[in-house]
Amino acid sequence: MLSDALRYPANGDGWVRTILVGGLLSILSVLVVPAFFVQGYYVRVLHGVTNDDPEPPRFDGWGGLLVDGLKLLVLNVLVLVALIAVQAFVALGLGTGSFLADTTGATDPSIAAGALGVVGVVVLVGAILLLSYVVPAMFANFARENSLAAAFHASTVLSGALTREYLIAWVLAVTVGVVLGFVASLLSLLIVGIFGLFYVQVVTYYLFGRGFAEGLDTGGNAEAVTY
């Protein structure tokens with residue numbers, strides 16, 4: 001799977017142009033709008049991989065790319081809102097627990113506060129890890145079905161995510177993102193690294209998409225969701 005992922009961006013004709021355009025758009029992402037085209041391209045990668053297309057997409061149909069990039073932004077915002085909600089819940093729980101400890105006097109307030117703090121950190125870290133694992137599967141199902149609603153179809157998302165195939169792909173994607181992303185970030189001082197970062201992102205999205213698709217195949221062949 002890893003070797004296929006590393007070769008994927010260079011499959012087919014016109015891959016050099018695709019990398020160049022992706023890198024240039026990444027550089028221009030400081031202007032905001034080009035970033036949506038790049039995100040839209042990643043959506044197309046997920047769509048192609050989850051629908052058994054062996055070649056990477058090209059930069060064309062710019063209006064569609066922009067719309068897909070905006071949809072991915074909406075999903076990211078919703079995930080951020082969910083994380084903020086978890087943080088607020090943890091903060092509320094800590095505040096309530098500390099208040100009860102102070103008023104009842106059942107335990108030393110400092111000990112109670114410390115214990116609650118540990119629990120809060122564990123809950124928050126657990127939520128972050130859970131979201132980081134499930135969210136790529138949500139993105140993959142959204143791209144596979146071309147539907148924002150599909151990202152929240154829990155049975156299909158979990159059918160793909162709670163599998164050995166997706167777990168392996170997720171671990172590989174994170175490893176590639178950290179290792180190759182770090183190298184590309186260093187090279188970005190020479191500009192060429194920006195193109196490397198785009199390449200790395202395409203590889204990671206390929207892994208997420210392939211792991212999810214293979215997970216669906218082995219997790220019950222979940223039917224496509226239509227809305």
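The values are calculated or read from the model by the stated rules, or taken from the named source; none is laboratory data. These figures come from a predicted structure and were not determined experimentally. Note: ideal-geometry Cβ built from the backbone for every residue, glycine included; neighbour counts use all protein chains shown. These area figures cover heavy atoms from the full protein model, side chains too; ligands, DNA and RNA do not enter into them. Shrake-Rupley method; radii C 1.70, N 1.55, O 1.52, S 1.80 Å.
Worth pointing out:
- Residue under evaluation D52, criteria (1) surrounded by fewer than 19 Cβ atoms within 10 Å (Cβ to Cβ); (2) over 23 Å from A137 (Cα atoms), criterion not met: (2)
- Answer from A127, A173 - the residue that is modelled with pLDDT of 90 or more and either assigned to a helix (DSSP H, G or I) or open to solvent by less than 40 Å² (accessible area, probe 1.4 Å) (or both): A173
- Residue ID - nearest to I168 (Cα to Cα), chosen from residues in the range 11-27 that are of a type in the set (A, V, I, L, M, F, W, C) and free of Cβ contacts under 8 Å to residues at least 12 places away in the same chain: V16
- Qualifying residue in the range 190-207 (condition: farther than 24 Å from P57 by Cβ, open to solvent by 40 Å² or more (accessible area, probe 1.4 Å) and at pLDDT below 80): yes
- Inside the range 8-49, residues that are of a type in the set (D, E, K, R) and closer than 22 Å to F139 by Cβ make up a count of 1.
- Per this entry, S132 is counted among residues that are surrounded by fewer than 17 Cβ atoms within 10 Å (Cβ to Cβ), under 13 Å from the mean Cα position of the chain (by Cα) and in a helix (DSSP H, G or I).
- Number of the condition not met by G40 [criteria: (1) open to solvent by 20 Å² or more (accessible area, probe 1.4 Å); (2) free of Cβ contacts under 8 Å to residues at least 40 places away in the same chain; (3) among the small types (G, A, S)]: (1)
- Here R58 fulfils each of the conditions (1) modelled with pLDDT of 90 or more; (2) under 27 Å from V174 (Cα atoms); (3) in a helix (DSSP H, G or I) apart from (3).
- The residue of the range 1-19 that is most open to solvent (accessible area, probe 1.4 Å), among those that are closer than 13 Å to V202 by Cβ and out of contact with any helix residue (DSSP H, G or I) (no Cβ under 7 Å at 6 or more places or on another chain), is R7.
- Restricting attention to the range 148-157, the residues that are open to solvent by 20 Å² or more (accessible area, probe 1.4 Å) and touching a residue at least 24 places away in the same chain (Cβ under 8 Å) total 4.
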